[in-house]
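Quick notes on the structure that follows.
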Amino acid sequence: MALITCPECQAKVSNQASACPHCGFPFARGGPIRTKDNQTRLVEKTAKRYKAAGCLSGLMILTGVVLAIVGLKSAPPSESQVVLGIGLLLIGSVWYLLNRVAAWWHHD
């Protein structure tokens, strides 16, 4: 374990730390996070694939709910539409939950 100097408060900090314990300045693995204009920036750590999968699963859930309601409200209730809606709702819900667990698991 090596010590590095925090660029914000000049305190000695472990190179394993994700932030300075004195001032809270964030560090990337291997050094501080800085942009070209020398400003601190936050790092987005959740991958876009988890966000896309969350949107798609949410859309699947919404479609399932709409299909089930429309199937139930039709003049003679459409069993196939209701079954398809409930199926989409269940698959979308499971996909959403698995996606949230995967995003949590792989989040640094």
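Observations
- Within the range 47-69, tally of residues that are of a type outside the set (A, V, I, L, M) and crowded, with 18+ Cβ neighbours inside 10 Å: 2
- Any hit, the range 97-106, residues being farther than 30 Å from Ser18 by Cα, in a helix (DSSP H, G or I) and without any contact (Cβ under 8 Å) to a residue 24 or more places away in the chain: no
- Cβ-Cβ under 9 Å pairs, at least 6 apart or on other chains, the range 1-14 side on the phi > 0 side of the Ramachandran plot and not assigned by TED's automatic domain parsing to the domain that holds Phe25, far side of a type outside the set (Asp, Glu) and surrounded by 10 or more Cβ atoms within 10 Å (Cβ to Cβ): none
The values are calculated or read from the model by the stated rules, or taken from the named source; none is laboratory data. Since we're looking at a predicted model, the values are computed, not measured. Cβ: placed from backbone, ideal geometry, glycine included. Neighbour counts: every protein chain shown.
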